[in-house]
Amino acid sequence: MSPQDATFLYAEDANNPMHVGSVLILEGPPPKYGDVVRMVARKLQMVPRYRQKVRFPPMQLGRPVWVDDPHFQILYHIRRTAVPRPGGEEELRNLAGRVLAQQLDRSKPLWELWIVEGLKDDQWALVNKVHHCMVDGIAGADLMSVIFDTRPDARLPAHVPWAPEAEPSGIQLTADAVADGIASPLSGLQRIPWLRRAQMLSPREMAELLRGLARAWPAFRPTPASLNGPIGPHRRWSWVRTSLDDVREIKSNLGGSVNDVVLAIITRGFRELLMKRGEPVEGKVVRTLVPVSVRSPDERGTLNNRVSGVFPELPIGLADPLERLEEIRRQMDGLKESRQAVAGDVLTRLSGFAPPMWLALGARLGARVPQRLVQAVTTNVPGPQQPLYVCGRQMVQCYPYVPIAGQVRIGIAIFSYVGALAIAVTADYNTVPDVQVLCDGIEAGTAELLSLARGRGSERRGQRTGSRPARRATRRRPAGEQARVGPG
């Protein structure tokens with residue numbers, strides 16, 4: 001297991017379950033339980049990690065390893081439940097919040113799939129849980145494309161017999177850990193891209209890399225107090241729906257990127273949340289960790305984590321939505337130029353040099369030490385833009401789930417699917433009872449920017465329309481006739 005993957009395991013405890021997930025809403029009627037089991041079972045050959053469990057070497061002499069589960073039973077991982085009919089979004093969110101708050105059983109492969117029946121409008125849902133040590137956001141989207149079908153009449157793959165490899169003994173794990181500890185510093189050096197290409201870096205490029213490392217440590221600007229602090233084991237979870245077309249219209253007319261627009265929308269949500277709580281926002285920011293995929297094209301299809309991150313500051317003190325968008329655009333452009341994500345990836349890879357016991361202690365300590373550097377996690381994952389199907393039923397909505405941990409009480413995940421954009425909020429149950437205020441603020445932020453964008457778009461169209469008659473008159477003027485200037 002890579003150092004980054006292992007960190008998600010080490011940081012986990014009863015109050016910090018470290019799995020990602022999603023809630024998928026599909027057209028009905030619900031399929032039979034056996035049909036879903038059969039569909040997943042036939043495709044497990046494409047994702048062998050789903051039949052593997054985690055083993056820890058004795059005395060943490062090495063990082064955790066993946067081994068085949070000799071007692072793998074798919075019926076344990078695929079479960080069936082229901083909400084009282086006719087279940088709406090509120091009932092589904094409450095059920096999903098309870099399911100997603102529960103830790104995965106570490107003695108078994110680290111995933112679950114819950115079939116949810118009882119929804120209104122002849123719909124049903126799937127609640128998906130996968131431990132973060134198995135996938136990051138990009139890998140999770142790739143996995144979704146593997147597990148589900150791209151056609152309603154897709155045929156299942158042929159059954160492929162599976163025989164688990166023998167599970168290693170404790171002595172074998174110890175011997176492998178010692179051997180890996182001797183070899184890992186050399187192999188780790190070979191895995192670090194900037195060291196592998198060190199002879200190709202110019203002094204200017206090296207300076208840029210060092211500048212990125214320096215900027216990876218955020219500035220100490222004032223932040224709200226209530227967004228940081230201890231969290232409990234329970235979660236609140238809600239979502240907001242919008243569309244990619246609306247976000248792109250805002251981007252086209254007001255500037256910035258899709259990510260800039262989404263962050264500006266979320267900024268309005270945090271501003272509303274804190275003002276509702278009576279907290280001052282003037283001159284303050286919400287510093288959020290934005291994971292950035294550093295997965296190279298040849299790494300697509302692998303299920304390990306390959307993420308770094310940047311730390312933009314959401315300007316909640318700005319009342320004007322256009323000023324908020326401009327400030328975020330300025331920050332994100334600067335972060336890209338600073339190579340902060342590249343520097344973060346280098347530091348993550350360097351963690352492979354740390355002894356596994358130190359890595360474990362560092363991850364656990366980092367999840368428990370009070371901090372005010374980061375107030376939220378915001379992750380944006382592009383999903384498939386073609387319809388997906390499960391047992392012939394089309395998936396119509398997908399809402400992502402991101403874990404929270406340590407002293408961070410709110411996490412936000414953005415996922416796009418077939419033109420729809422879902423913004424889902426995970427919050428600590430006890431300290432964020434007002435999560436819906438944040439969601440309502442995000443919805444209001446979308447509406448205000450879209451209104452401004454459409455107003456600016458109308459102005460541009462009006463300017464173009466107003467200049468057309470003169471151009472047409474010029475084109476139609478007979479040859480040799482001069483244009484008249486002035487009245488008459």
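The values are calculated or read from the model by the stated rules, or taken from the named source; none is laboratory data. Note that this is a predicted model, so its numbers are computed, not measured. Cβ atoms come from the backbone with ideal geometry, glycine included; neighbour counts cover every protein chain shown.
Details
- Among the residues making up the range 52-64, a single one is over 15 Å from L104 (Cβ atoms) and at pLDDT 90 or above: R55.
- Residue match in the range 394-404 (condition: hydrophobic (A, V, I, L, M, F, W, C), buried (at least 24 other Cβ atoms within 10 Å of the Cβ), closer than 19 Å to V240 by Cβ and modelled with pLDDT of 95 or more): no
- Q331 falls short on exactly one of the conditions (1) modelled with pLDDT under 95; (2) over 29 Å from V146 (Cβ atoms); (3) of a type in the set (S, T, N, Q); (4) crowded, with 21+ Cβ neighbours inside 10 Å, and that condition is (4).
- Filtered residues of the range 434-445 (kept if out of contact with any Lys or Arg (no Cβ under 7 Å at 6 or more places or on another chain) and either modelled with pLDDT under 95 or surrounded by fewer than 20 Cβ atoms within 10 Å (Cβ to Cβ) (or both)): Q436, D440, E443
- Scope the range 117-136; condition outside any loop (DSSP other than H, G, I, E, B), out of contact with any Ser or Thr (no Cβ under 6 Å at 6 or more places or on another chain) and either surrounded by 21 or more Cβ atoms within 10 Å (Cβ to Cβ) or in contact (Cβ under 8 Å) with a residue 40 or more places away in the chain (or both); matching residues: E117, L119, Q123, W124, A125, L126, V127, K129, V130, H131
- Per-region count, the range 1-30, residues surrounded by fewer than 18 Cβ atoms within 10 Å (Cβ to Cβ) and either under 20 Å from Y76 (Cβ atoms) or touching a Leu at 6+ places or on another chain (Cβ under 9 Å) (or both): 1
- Considering the range 235-287, the residues that are of a type in the set (D, E), farther than 16 Å from A420 by Cβ and in contact with a helix residue (DSSP H, G or I) (Cβ under 6 Å, 6 or more places away or on another chain) include one that is modelled with the lowest pLDDT, namely D260.
- Inclusion of G366 among residues that are buried (at least 21 other Cβ atoms within 10 Å of the Cβ), assigned to a helix (DSSP H, G or I) and modelled with pLDDT under 65 is not warranted.
- Selection status of V146, in a loop (DSSP other than H, G, I, E, B) and at pLDDT below 90: no
Quick grid of which residues meet (1) within 30 Å of A177 (Cβ to Cβ); (2) in contact with an Asp or Glu (Cβ under 7 Å, 6 or more places away or on another chain):
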residue	(1), (2)
D5	yes, no
D13	yes, no
N16	yes, no
V20	yes, no
P31	no, no
V47	yes, no
V65	yes, no
A82	no, yes
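- Residue in the range 26-45 that is farther than 30 Å from E167 by Cβ and assigned to a helix (DSSP H, G or I) present: yes
- From R372, R409, R456, residue being over 26 Å from I250 (Cβ atoms) and surrounded by fewer than 20 Cβ atoms within 10 Å (Cβ to Cβ): R372
- Test: residue in the range 48-63 that is assigned to a strand (DSSP E or B), surrounded by fewer than 20 Cβ atoms within 10 Å (Cβ to Cβ) and of a type in the set (V, I, T): no
- When D5 is tested against (1) at pLDDT below 90; (2) under 26 Å from T150 (Cα atoms), only condition (2) is not met.
- Flag if D69 is surrounded by fewer than 17 Cβ atoms within 10 Å (Cβ to Cβ) and either more than 18 Å from N128 (Cα to Cα) or charged (D, E, K, R) (or both): no
- Residues that are among the hydrophobic types (A, V, I, L, M, F, W, C) and assigned to a strand (DSSP E or B) were ranked within the range 219-247; the one that is farthest from Y401 (Cα to Cα) is V240.
- Where a residue in the range 54-79 is under 25 Å from V99 (Cα atoms) and its partner, wherever it lies, is acidic (D, E) and part of a strand (DSSP E or B), with Cβ under 9 Å and at least six apart: Y76/E112; H77/E112; I78/E112; R79/E112
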